[in-house]
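Every number here is computed from the coordinates shown, using simple stated rules; none is lab data. Treat the numbers as computed from the prediction; the structure is a model and nothing was measured. We place every Cβ from the backbone using ideal geometry, glycine too, and count neighbours over all the protein chains shown.
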Amino acid sequence: MTRMPKSAEILPFPTSEVRIGEPASLARRTPSTLLSAVMDFIDAKGGGQGRFQTPMPAIHIVRSFQDIVPVQNLYRPSLCVVLKGAKEILFGDTTLRYAEMECLVVSLEVPASGRMVGATPADPYVGIMIDFDIAVLREVLQQLANPPVPNAGSGPCVFVGKVDDMLAECITRLARLAQMPEAVPVLFPAAMRELYYWLLTGPYGSEVAKLALPETQAERVARAIHYLRDHFSEPLRVEQLAEVAHMSVSSFHQHFKAMTAMSPVQYQKQLRLLEARRLMVSENTNVSDAAYQVGYESPSQFSREYTRSFGTAPKRDVMNFRALLAAGTR
């Protein structure tokens, strides 16, 4: 298995948290202002913990009062910012940890396990997640006078970095906009374009650009992932995925594993198991029917692989997951 780098090896943190020309007071003001804006929104929604949906479908706010066990999910291209507390994500064999005013950037859809670390009612976890619109990101990239040049080769599709102050100021405006639904249709598109601008022109621009540039290895693998997502219950032919990606089979397999930390077969298995969990939790589908619906021919094989992946048998995991959802309701 390819060795996954530690977070500090994936990308270096910028040497300064303040951009040249910014007043020093901005660096002191921005984190607390952003957290205050998010907490104001949570209070307006009645407080409590859980995931708070905003008037902007791409923006999600989370507060947790407890140290939650790792939960396997499908992470989509997004920016995840910690405002208070800390979070961990298990990606392949590597655990990435990020804390206050640090962020996780995800460039491909990838199964991974995430959890809040050390959250308590007195010291909760607070974070904001922003889903990427790749089409708009590409438009912003094309308008840059000096667009970032992606690094050659393939690497992990997730990395941890710091949130600089221009980016934090932009996210603060998005958090405030969450309390003004009537302004969202007018202001949200411009705010997201600004967000992409700061990401592309910031210290990690060369990595973020990989999401938007056509015919990069990341874009080709993304095409294959989208095809796999739409056909995950069907028998897998790696040759067909390589054809979708316009790569040779050997090259496709190499780049796919370098970016996602798993083989196409392992990736398909994770998609099947995650969809089976959704069916059992949300639609009360029994274990056998869920297994058949996601493409398994043997419920016993499904149960073995489910237990191996999620750490507990399907029925028990569904009970635990429902309890977790109930604990996160407001």
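Worth pointing out:
- Number of Lys pairs (Cα under 19 Å; 8 or more positions apart or on different chains) in the chain: 10
- The chain: most fluctuating residue of GLU139, GLU275, GLU109 per GNM, C-alpha cutoff 10 Å: GLU139
- Fluctuation leader among SER251, SER233, SER263 - the chain, Gaussian network, Cα springs under 10 angstrom: SER251
- Value at 222 nm in deg cm²/dmol, rounded to 500, when DSSP H runs of n ≥ 4 in the chain each add -39,500 (n - 2.57): -14500 deg cm²/dmol
- Contact order for segment 78-138, expressed relative to its length and based on alpha carbon pairs under 8 Å spaced 6+ residues apart, stands at 45 percent.
- Segment ALA323-ARG278, extension gain: residue separation times 0.36 nm, minus the distance between their alpha carbons: 14.8 nm
- Mean sequence separation of contacting Cα pairs (under 8 Å, at least six apart), scaled by the length of the chain, corresponds to a relative contact order of 19 percent.
- Normalised contact order of segment 122-272, rounded percent, pairs of Cα under 8 Å and 6 or more residues apart: 26 percent
- Listed residues THR94, SER250, ALA224: farthest to the positive end of the dipole of the chain (Cβ charges): THR94
- Spin-label pair LEU90/TYR227, simplified geometry with 7 Å Cα→Cβ offset, distance in nm: 3.1 nm
- Per-residue extension of 0.36 nm, minus the Cα-Cα distance of GLN66 and GLN293, leaves a gain of 78.3 nm for this segment.
- For the chain, modelled as a GNM whose springs connect Cα atoms under 10 angstrom apart, the maximal fluctuation among VAL106, VAL117, VAL265 occurs at VAL265.
- Inter-site label distance for VAL117 and ARG304 at 7 Å from Cα along Cβ, in nm: 3.5 nm
- Three-way shape label, the chain, alpha-carbon gyration tensor, a/c 1.5: oblate
- 10 Å binning of all Cα-Cα separations within segment 136-260, expressed as whole percents from 0 upward: 12, 33, 29, 20, 6, 0
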